[in-house]
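Each remark here refers to the structure printed beneath this line.
Taken together, the values in this text are just the output of simple stated rules run on the coordinates, not laboratory data. Just so you know, these numbers come straight off a predicted model, no measurement behind them. Note: ideal-geometry Cβ built from the backbone for every residue, glycine included; neighbour counts use all protein chains shown.
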Amino acid sequence: MTDVVMGRVTPEQVRAVLDEVHDPEIPVLTISDLGILRDVEIVGDLVLVTVTPTYSGCPAMDTIRADIRRVLQERGLACEVRTVLAPAWTTEWMTAAGREKLQAYGIAPPRPTRSGPVDVPLGLRGIRCPQCTSPDVAELSRFGSTSCKSLWRCNTCREPFDHFRAH
């Protein structure tokens with residue numbers, strides 16, 4: 001990344017660097033996986049990064065903004081991090097890779113929220129146990145370890161798991 005240090009940086013190179021920034025609440029996800037990295041612009045010698053929080057009061061945003069600044073400053077890049085609330089973030093912005101990472105991490109990914117034809121796994125509301133993939137699951141609490149998740153239990157393997165709620 002010598003071009004980054006020399007100031008001839010592209011938005012694509014910055015996005016690659018920002019893949020080092022993970023969600024502090026779900027560290028298996030990058031901000032790109034989560035879909036909160038909205039835009040990267042280069043204006044002169046300044047990198048403008050635009051993010052949208054998963055919800056307006058998300059406590060992880062201060063850490064995420066600091067991590068963005070840190071990884072870019074480590075490469076000699078001056079940056080400004082902007083937060084935009086509109087349009088509001090939706091789980092539809094999560095990448096397919098992010099959904100797969102959630103599943104592998106033991107968190108059931110969000111269900112599709114779009115209208116029209118989409119693939120929805122069979123089972124209660126399309127939620128499957130991330131441990132054994134059984135659709136025989138039950139919600140224990142609408143509130144999980146973070147505001148984005150609810151707590152569920154698999155009736156087959158009896159394991160509890162988080163479900164990333166669709167927004």
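The rows are residues; the columns are (1) farther than 17 Å from GLU12 by Cα; (2) surrounded by 15 or more Cβ atoms within 10 Å (Cβ to Cβ); (3) among the hydroxyl-bearing types (Ser, Thr, Tyr).
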position: THR52; (1), (2), (3): yes, yes, yes
position: TYR55; (1), (2), (3): yes, no, yes
position: ILE64; (1), (2), (3): yes, yes, no
position: ARG70; (1), (2), (3): yes, no, no
position: ARG75; (1), (2), (3): no, yes, no
position: CYS79; (1), (2), (3): no, yes, no
position: THR83; (1), (2), (3): yes, yes, yes
position: ALA88; (1), (2), (3): yes, no, no
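So which pairs qualify, if the first residue must be in region 70-81 and closer than 12 Å to VAL49 by Cβ, the second must be among the acidic types (Asp, Glu), the Cβ gap must be under 7 Å, and the two must be at least 6 apart or on different chains?
Note: pairs meeting the criteria are VAL71/GLU20; ALA78/ASP45.
State the number of residues belonging to region 28-50 that are in contact with a helix residue (DSSP H, G or I) (Cβ under 8 Å, 6 or more places away or on another chain) and either within 14 Å of ASP67 (Cα to Cα) or not acidic (Asp, Glu) (or both).
Qualifying residue count for the region: 13.
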